[in-house]
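What follows draws every value from the coordinates through simple rules; no lab data is involved. Small disclaimer: the values here were computed from a predicted structure and weren't measured. Note that each Cβ is placed from the backbone with ideal geometry, even for glycine, and that neighbours are counted across all protein chains shown.
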Amino acid sequence: MSKPSDLVQGTLDMLILKILALEPLNGWAISQRLKQMSSEVLGVSDGSLYPALHKLEHRGWIRAHWKPSENNRRAKFYSLTRLGRKQLEKETANWNRVSAAISGIVQLKEA
Amino acid sequence: MDIEQWLYSLPPRLRSFFHPHQVDQEMKEELREHLEQQIRENIAKGMSPEEARRSAVRTMGGIPQIEQQCRDARGGSVLDDFTQDLRYGLRQLLRSPGFFAVAILCLTLGIGANAAVFSWVEGILFRPYPAVAHQERLFALAGTARGETGAGGLSWPDFQDLRRNCSLCEEAFVSKITGSTLSVGDHAETVRGSIVSANYFAAIGVRPILGRGFEPGEDVGSDSHPVVVISYQLWRDRYKGDPEIVGRMQRFDNVPHTIIGVTPEGFYGTFVGWGMQFWVPASMEETFESGGYKLEDRDARWIEAYVRLKPGVRQSQAQQEISAIAARLETSYPATNRGRSIGIWPLWQTPFNHARTMLPTLEVMVAVVAFVLLIACANVGNLLLVRSFARRHEMSVRLAIGASRVRLVKQLLTEGLILSALGTAGGLLVAYWCRHALVLLLPTRSGVAMYLPGQMDARVMAMSAIVCLLVTLIVGIIPAFRTRHLDLAGPLKADSTGVVGARGRAWMRSGLVVFQVGLSFILLVGAALLLESLEKIRSTSPGFITTSVVTTGVSLVAAGYDVPRAKIFQDELIDRLSALPGVESAAFACVTPLGYATYSSTPIVVDGYQPSLEEQPSVEYNQVGPGYFATLGIPLFSGREFVRTDDENAPLVAIVNRTMATRYWAGEDPVGRRLQVKGRWTRVVGVVADSKYESMREIPRPFFYVPLRQDFERGPALNIRTRQSLSSMRAALVREVRALDANLALYEMITLQEQVNRSTSPQLVAVTLVSILGGLALLLAGVGLYGVMSYAVAQSTRELGLRMALGAGAANLLRLVISRGLRLTAGGVLFGTVAALAVTRLLGQLLYNVSPHDPVVFGLALAVMTTTAIFACLLPAWRASRTDPARVLRD
């Protein structure tokens, strides 16, 4: 993938990967976790969460399997693959570099 | 997309393809679950159920839209991409139908030739016996003698000892080819059959569809079990499929046999070259074989046999055990077995059937068709290269709008696959038509058509599939290679005004042409070498006169003649023939030289010759009538010919050939000396010149003759030296034979030259096939050269126009293009010469008196290649010379 993915899309992917790196979760739980963790600032709509999940699954970064959820209903749980973990590391490093650069710029004091 | 990524994404993509419905259902369930969860959450916050649902739907956004977005996110499956490529590729190919047709034709010929040869190799060498179980563990069994290459028969007692003692063999059985005259109703014909051991049908796993096979003990005794199993074909054609056939009497060689069984359809026995029509137990061998009762004679080595090894036993292990058994026999029976051993061979090297004669030809064919396939691939690759150049624009645009390079390569490979798959389909069709073609190239012998079928089995299919994949890779990779050089700015750069003769960009196309020319050159050299050998073989003197001597036979055995009656008949017929105008002489002989019948061999003892301890002198001989040497024109060096008085009442005599005289009498004249043949002393009365006995390619070897009357056979060949034509001689002979006995049937009459020609048929087959394929290769190389030169000319019209404007004449341009073409050819010939010098040695066995490096042949091939090249370049050169400078410069 030589093309840099666009920022928002790429960021959502990274956040999902990060959340799944902690524990396997179903879609609902991921959306709740996203809201909690970002203090509802990012406001990811559920409409864009599921296409993102399906895309990640098809890239082989996450894997899905069905099992009973907390309330004993069948739910689709996602977990990170080895490839996904590598991707997360790559994106995190990338993010750190870019955000460091950007915050370096925005924190420049006007002379 | 790297490989790891691709591997990881494969399972979900495959799943989407194979279970699209299930994947969709799961997605819907997942979204519904999310919605329900949201509603429950909302209710917990205190909303009414109605309100909770509305709010939840609002939060999520439109469910159908999300579903569609999820489907898009999943993207196409692996096979969606593939079918898309397939459709696209097919459309692309059909846009240039000419290219498409030429490419498919090239591949059809290339792959078809391969599949046909594989099917022959399969059907003749590896799985030669349809319906026979476990052929992969079957090995041929034959006797060997120390100090001799080659292999001969086994004796029945030796075989029985081996069968009893071989612990690594699962089965051992005898199958000795024989022939018989069969009369059903008023129609008589020669049929081929096998003399077999009683365990034969059980051992090969063939169960008769009617009646039974042989029972243990039916192969014991002297003419004691006149029973016969007949083939399905014989049953259907000659007995009209009579369901009551079992139990019927049928005369074979005039001995009544009871038909006890019919073999299943599609079983042809166990002999490469002929389909068998009947099987008799070994106890009947006296009826079908010369030499009397042999089942207890350890010295009569007449049987051909097979062993099936136990699973997992290697040939070398079995050979070790069998050699040990033979060594024990040697110790126990020194009189008969000194210097003798027993060998096993894989089926494809069977020493006693046509597998051996076809092997060198088929080996060469495998190499030759591989060459043809490579040439065809190079041609198609070249055509695709031209197209890929024309498609640079399309490719660049696809790259620019985001197609990955992998995707483009996949597209090109898919196009390659379409071509090779169609080529393979066509090729298999060609192979299917050609599977029996080999036999068409071989002359029929003694009126019985040969049977050398190809087999289109799973292994041939698998081989063709592998070839197809290789071809896909080769023809797909060549243009794909070019995409490496593609960059987005490519089409924007200066347009492609090539220079005729420019290096660089054209190196790959030129390389392919050099490669093609080189390979065709090798094939031309091979074809020319084989042709020259055949010419040499056929013009070499076999040591007897071939043109004015005809050979035939009279079937006395089938007509029920006993020995005294047969002797009288033979003498009377010779007398009558000698009296005919135009007939110079006539003589019977047990075996005609270079025919299929084999000579008997006997251990000999020579007065005054002391063999070394290891050596057991054994020499082949022929029983011939009075006047035989005069009839065949074999020069007599000393002593005398056989005469009428050398009969059963006269002292035993023999005539030896020059090589035998030199070897055993050290150059002294052996006339008057004693020679022990089959345990009886005979006196040498003459020395004759060496001649060819079994093969035109054999080297001179010891050989001797005894009078037919002193070792009598009822079914010998009749040789007539005559000035009459074949047809009038035949008519005269029929008249004379009928005058003696109206019931006698004559065998086919041919000249000895025809006999020589037939004996060289493997060479003829090789020459024919290599010439056909060499011509094909030459054509393909010519097309390749033409393509490259046309393309070069089309690409460099501007340069050509410029040259013309600057004063170059049409002749100059003609020369320019042709010299460029010839330079490519020269490169190819150079490469071909080096390669040919290395590989023509492989023809070894098929060459005769021709050096594989014969300069005349190489020169001839060069001339043919150059002429072809000039013709291939003429049209493009002519086009170049017609370049209109004004128009080119204006454009």
Fill in: Centroid-to-centroid separation of the range B:333-358 and the range B:628-702 [C-alpha atoms, Å]
27
Worksheet item: Once Rh for chain B is found with the Kirkwood sum over Cα pairs, what is the Stokes-Einstein diffusion coefficient at 25 °C and 0.890 mPa s, in µm²/s?
Response: 74
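Peptide B:6-14: average number of partner chain Cβ atoms within 10 Å per residue?
Working: counts 1, 2, 9, 6, 1, 4, 8, 4, 0.
Counting Cβ atoms of other protein chains within 10 Å of each residue's Cβ and averaging gives 4.
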Practice prompt. Taking the Cα centre of chain B as origin, work out the dipole magnitude from +1 charges on Lys and Arg Cβ and -1 charges on Asp and Glu Cβ, in debye rounded to 20.
Written response: 3580
Practice prompt. Can you tell me the 0 to 90 degree angle between the C-alpha axis of helix B:49-60 and the longest principal axis of chain B, rounded to 10?
Written response: 80
Worksheet item: By how many degrees, between 0 and 90 and to the nearest 10, does the Cα long axis of helix B:20-44 differ from the longest principal axis of chain B?
Response: 30
Item to complete: Please state the charge dipole magnitude for the range B:540-634, taken about the Cα centre, from unit charges on C-beta atoms (+1 on K and R, -1 on D and E), reported in debye and rounded to the nearest 20.
Response: 340
Worksheet entry | Extreme residue, positive dipole direction of chain B, given options B:Phe389, B:Pro311, B:Gly143 (C-beta unit charges) | B:Phe389
Worksheet item: Can you pull the mean other chain C-beta count within 10 Å for peptide B:32-41?
Response: 4
Worksheet item: About the Cα centre of the range B:228-325, what is the dipole size in debye to 20, counting +1 per Lys and Arg Cβ and -1 per Asp and Glu Cβ, all else neutral?
Response: 340
Worksheet, complete the sentence: Cα-based Rg and Dmax for the range B:568-697, in Å, come out at 15.7, 55
Discussion item. Helix B:78-95 against the longest principal axis of chain B: what's the angle in degrees, Cα atoms only, rounded to the nearest 10?
Written reply: 80
Practice prompt. Please report A:Met37, B:Met47 as a ranked list, fewest other C-beta atoms within 10 angstrom at the top and most at the bottom.
Written response: A:Met37, B:Met47
Item to complete: Find the percent of Cα-Cα distances in the protein assembly as shown that exceed 48 Å, and round it to a whole number.
Response: 50
Fill in: For chain B, cysteines whose Cβ has no other cysteine Cβ within reach (under 4.7 Å)
B:Cys70, B:Cys106, B:Cys377, B:Cys434, B:Cys468, B:Cys590, B:Cys873
Item to complete: Could you list B:Ser332, B:Ser396 in order of exposure, starting from the residue whose Cβ has the fewest other Cβ atoms within 10 Å?
Response: B:Ser332, B:Ser396
Fill in: Separation in nanometres of the label points that stand 7 Å from Cα toward Cβ, at B:Ala811 and B:Leu470
4.9
Practice prompt. Mind checking which of B:Asn165, B:Val767, B:Ile720 is farthest towards the positive end of the protein assembly as shown's charge dipole, using Cβ charges of +1 (Lys, Arg) and -1 (Asp, Glu) about the Cα centre?
Written response: B:Val767
Worksheet item: What length, rounded to one decimal in nm, is gained on full extension from B:Thr659 through to B:Met508, with 0.36 nm per residue of separation minus their alpha-carbon distance?
Response: 48.4 nm
Response to the item:
From the Cα centre of the range B:738-775 to that of the range A:49-111, the distance in Å is 82
Item to complete: Using label points projected 7 Å from each Cα along Cα→Cβ, tell me how many nm separate B:Ser851 and B:Ser728, to one decimal.
Response: 4.8
Worksheet entry | Neighbour net charge for B:Glu136 - beta-carbon separation under 10 angstrom, K R +1, D E -1 | +3
Worksheet entry | Peptides B:152-159, B:337-344 ordered by average Cβ neighbours within 10 Å, highest first | B:152-159, B:337-344
Discussion item. Just to verify a number: FRET efficiency for B:Ile545 and B:Arg680, C-beta to C-beta distance, R0 = 22 Å, to 0.05?
Written reply: 0.10
Discussion item. Roughly how far apart, in whole Å, are the Cα centres of the range B:797-832 and the range B:580-596?
Written reply: 65
Discussion item. Just checking the output field for A:54-64: average partner chain Cβ neighbours within 10 Å of each residue's Cβ?
Written reply: 6
Fill in: Ranked list, fewest to most other Cβ atoms within 10 Å of each Cβ, for B:Ile655, B:Ile474, A:Ile102
A:Ile102, B:Ile474, B:Ile655
Discussion item. Under 23 Å between alpha carbons, and skipping anything fewer than 8 positions from A:Lys67 in its own chain: which lysines qualify?
Written reply: A:Lys18, A:Lys55, A:Lys76, B:Lys28
Worksheet item: Looking at B:Val563, B:Trp6, B:Trp345, which one has the Cα that reaches farthest to the positive end of the dipole of the protein assembly as shown (charges on Cβ: Lys, Arg +1; Asp, Glu -1)?
Response: B:Trp6
